[in-house]
Amino acid sequence: MSDISTIDEGERRGVSPPVGPSVTPPPVAEFRNVTKWYGPVIGVNGVSFELAPGITGLLGPNGAGKTTLIKLLTGQLHPSLGDVLVRGQPAWTAAAKRHIGYCPEVDALYEEMSGRQFVMTMARLHGFDRATARDRTEAALADVGMSDRADRILRGCSKRMRQRIKLAQSLVHNPDLLIVDEPLNGIDPVGRRELMEFFRRFRDRGKVVVVSSHILEEMDTLADQVIFMGRGRVLAMGTLAEIRQMLAEHPQRVRIKSSQARDLAGHLIAWNFVRGIELPAANELTLQVQRPDEFFRQFAALVVERQIDVTSLEATDVSTEAIFEYVMSSN
Amino acid sequence: MDPYSSWTGARRSPWWGTWAIVRTGLNLILRRWIFWVLIGLGLLNFLFNFAFIYLKATIDVQNKTLGDFLNNYQVTGNGRAYADFMFAQASITALLLAFAGSMLIGGDYRQGGVVYYLSRRIERRHYVAGKLLLIASVVTIITTLPTLILFCEFGFLTSSFDYFLDHPRILAGILGYGAVLAVVQSLLLFAIAAWVPRTVPLVMTWLGMFVLVQALAEALRSINDNRTWLLLSIWGDMQRLGRWCFGTLDAAKTPTAEQCAAALTALCAACLVLILARVRAVEVVK
């Protein structure tokens with residue numbers, strides 16, 4: 001996949017009013033107290049947040065409201081209450097959609113078309129003339145590493161190639177906000193790594209990427225922040241560390257490897273924010289810690305003061321999966 | 001220069017997106033051999049009529065008596081002949097649309113492909129307009145366009161251009177019948193394919209709307225010879241309205257052109273409601 005800059009001066013010049021240096025530009029995407037009903041069923045309920053540049057993981061069990069949130073964000077749904085704004089415009093308007101790139105989970109492509117034709121068609125739907133659509137199609141295909149294989153008929157493309165074509169069609173108009181629904185499903189490890197690399201590069205251009213995924217372990221390394229959803233509400237939002245901090249009722253699990261494990265346990269048992277200690281092996285102890293920041297600060301001081309030999313120190317439940325389980329069990 | 005980063009042009013109106021939908025749909029039809037068979041059938045009918053008009057013009061020049069003899073049968077060059085030709089072409093188009101409907105419209109709902117459109121820089125109205133225009137284009141290309149060519153051919157092969165001046169009703173008839181076929185079939189196919197997206201049920205429903213309903217209308221009419229029942233026949237209504245456009249409809253018989261127009265308008269309104277309900281129903285999370 002090639003690495004290219006995507007600053008599109010023309011688009012901004014085309015839609016944005018003159019903005020002085022002191023005026024803050026509208027956020028890329030913003031939910032303002034958004035509620036969506038489907039008859040008597042609530043899809044999302046009182047959701048408010050802004051999306052900052054970076055990669056945001058959207059997580060939650062089935063029925064949590066992820067799909068509704070994505071549909072609201074991509075302008076496919078109107079909120080029953082509240083506002084969904086993209087660059088200050090309602091998300092369902094053409095003015096907002098020019099900033100949105102959506103790579104859906106559904107694989108319903110036109111099977112008779114080649115990948116190149118499909119991306120070109122999607123470019124034309126964005127209002128580009130033929131020459132511009134062709135140029136941008138080539139650039140988008142190059143961006144996802146499909147330039148040399150895009151003439152293949154979609155019916156004969158592998159899952160990985162189809163995923164890239166879908167990604168290319170979402171990038172073809174150079175959006176500020178890329179929303180990707182379950183991009184890693186059914187993709188082999190090499191393909192996943194490439195996709196994740198691509199998302200990082202896209203983020204590095206100052207863009208917003210929203211990734212909805214069930215593959216939680218990938219989110220540990222991919223997402224800059226996560227949104228946990230459940231029962232139509234945003235249960236938690238922030239970096240994994242921030243969310244972990246908020247879960248005060250779930251003591252953080254810390255594993256320490258040390259040749260002086262028993263001595264260390266003797267010191268730590270006296271600390272009031274250490275809620276439990278286990279010694280699973282002779283040179284290893286596992287702690288349950290509340291107020292982890294304070295613990296790590298005092299632990300560092302203890303190790304230095306007592307000259308304790310510590311070979312490893314790791315928090316074992318700060319992964320997305322662990323935090324996800326905590327958040328879900330808390331709700 | 002990297003076009004991906006340096007493009008500075010203005011974008012066209014979202015209504016241009018409807019043309020992209022039309023182009024894509026026509027492109028897809030031309031990629032399947034089954035549709036080429038039906039297009040070929042329509043083309044065969046057209047070429048037969050084209051050749052017949054040429055032959056008749058030749059006979060008119062070489063043997064005036066035989067030409068006048070043929071004119072007695074009014075087999076070409078008049079409103080009734082063009083209406084018959086359009087009716088035959090419309091039958092082929094209906095068959096083609098029965099099979100193409102699943103691909104052009106049904107796929108968007110069967111597999112959720114509609115999100116590719118609705119997440120673009122177009123809104124629902126542009127999407128609906130694009131799809132309707134696509135079906136209307138298919139109908140026009142196979143039905144109205146060949147008829148216009150035949151009309152022009154006949155006019156050009158006469159000794160003067162008076163044919164065009166003397167028969168404005170024929171031109172109005174071609175355009176009117178073409179418009180009726182395009183509007184009714186596009187709305188009806190969109191409505192059916194959006195709600196019955198799979199190929200086989202769609203073909204059965206689509207053809208049932210024309211064949212079975214026509215048979216039902218005939219059966220009801222035969223009970224007490226009440227011709228008003230014939231209004232149920234969509235195909236018949238379109239045909240009668242088309243003949244009225246050509247000025248060849250027997251005004252004394254019911255259903256009248258006004259009744260047919262009212263029935264088709266009601267049908268189109270119902271289809272529009274179904275289409276809008278379906279496009280909005282994309283919102284429902286399954």
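The values are calculated or read from the model by the stated rules, or taken from the named source; none is laboratory data. Only a predicted model underlies this, so the values are computations on that prediction, with no experimental measurement involved. Quick reminder, even Gly has a Cβ in these numbers, built from the backbone with ideal geometry, and neighbours come from all protein chains shown. The accessibility values were calculated without ligands, DNA or RNA, using every heavy atom of the protein model including side chains. Shrake-Rupley method; radii C 1.70, N 1.55, O 1.52, S 1.80 Å.
Quick notes on this structure:
- Some residue of region A:181-197 being assigned by TED's automatic domain parsing to the domain that holds A:ARG98, of a type in the set (Gly, Ala, Ser) and touching a strand residue (DSSP E or B) at 6+ places or on another chain (Cβ under 8 Å): no
- Taken together, the criteria place A:ARG275 among residues that are in contact (Cβ under 8 Å) with a residue 12 or more places away in the chain, of a type outside the set (S, T, N, Q) and part of a strand (DSSP E or B).
- Extreme residue, modelled with the lowest pLDDT, among residues of region A:35-77 that are more than 14 Å from every other protein chain (Cβ to nearest Cβ), within 13 Å of the chain's Cα centre (by Cα) and open to solvent by less than 30 Å² (accessible area, probe 1.4 Å): A:LEU59
- Candidate set from region B:76-115 (those that are among the aromatic types (Phe, Trp, Tyr) and more than 10 Å from chain A (Cβ to nearest Cβ)); member that is surrounded by the fewest Cβ atoms within 10 Å (Cβ to Cβ): B:PHE87
- Every residue from region A:196-219 that is in a helix (DSSP H, G or I), in contact (Cβ under 8 Å) with a residue 60 or more places away in the chain, open to solvent by less than 60 Å² (accessible area, probe 1.4 Å) and within 26 Å of A:ALA322 (Cβ to Cβ): A:PHE199, A:ARG200, A:ARG203, A:LEU216, A:MET219
- Here region B:16-75 is the region considered, the condition is being closer than 19 Å to B:THR143 by Cα and part of a loop (DSSP other than H, G, I, E, B), and the residue that is nearest to the other protein chains (Cβ to nearest Cβ) is B:LEU30.
- Residue in region A:181-195 that is open to solvent by less than 20 Å² (accessible area, probe 1.4 Å), closer than 26 Å to A:GLN89 by Cα and hydrophobic (A, V, I, L, M, F, W, C) present: no
- When residues in region A:107-166 are screened for being within 12 Å of chain B (Cβ to nearest Cβ) and in a helix (DSSP H, G or I), 27 of them pass.
- The number of residues in region B:220-239 being among the aliphatic types (A, V, I, L, M), more than 24 Å from the chain's Cα centre (by Cα) and under 20 Å from B:LEU267 (Cβ atoms) comes to 1.
- Wholly within region B:181-286, helices (runs of 4 or more DSSP H) carrying at least 3 residues that are within 17 Å of B:VAL139 (Cβ to Cβ), open to solvent by 10 Å² or more (accessible area, probe 1.4 Å) and modelled with pLDDT under 90: B:199-224
So that you can scan it fast, the table gives a plain yes or no per residue for (1) in a helix (DSSP H, G or I); (2) of a type in the set (S, T, N, Q); (3) within 11 Å of the chain's Cα centre (by Cα); (4) modelled with pLDDT of 90 or more:
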residue: B:SER91; (1), (2), (3), (4): yes, yes, yes, yes
residue: B:GLY107; (1), (2), (3), (4): yes, no, no, no
residue: B:ARG120; (1), (2), (3), (4): no, no, no, no
residue: B:GLY130; (1), (2), (3), (4): yes, no, no, yes
residue: B:SER137; (1), (2), (3), (4): yes, yes, yes, yes
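- If you go through region B:164-174 and keep only what is in a helix (DSSP H, G or I) and either buried (at least 17 other Cβ atoms within 10 Å of the Cβ) or without any contact (Cβ under 8 Å) to a residue 60 or more places away in the chain (or both), you end up with B:PHE164, B:LEU165, B:ASP166, B:PRO168, B:ILE170, B:LEU171, B:GLY173, B:ILE174.
- Filter result for the condition that a residue is buried (at least 18 other Cβ atoms within 10 Å of the Cβ) and either under 17 Å from A:LEU264 (Cα atoms) or charged (D, E, K, R) (or both), over A:PHE324, A:PHE295: A:PHE295
- In the condition set (1) surrounded by fewer than 20 Cβ atoms within 10 Å (Cβ to Cβ); (2) at the interface with chain B (Cβ under 9 Å from one of its Cβ atoms), A:GLN89 is compliant with all but (2).
- Some residue of region A:169-176 being open to solvent by 20 Å² or more (accessible area, probe 1.4 Å) and either assigned by TED's automatic domain parsing to the domain that holds A:ARG201 or under 23 Å from the mean Cα position of the chain (by Cα) (or both): no
- Pick from region A:139-166, criterion under 12 Å from A:PHE118 (Cβ atoms) and in contact with an Asp or Glu (Cβ under 8 Å, 6 or more places away or on another chain), ranking: surrounded by the fewest Cβ atoms within 10 Å (Cβ to Cβ): A:ARG155
- First in region B:116-140 and within 13 Å of chain A (Cβ to nearest Cβ) and without any contact (Cβ under 8 Å) to a residue 40 or more places away in the chain, second anywhere and of a type in the set (Gly, Ala, Ser) and buried (at least 23 other Cβ atoms within 10 Å of the Cβ), Cβ under 6 Å, 6 or more apart: none
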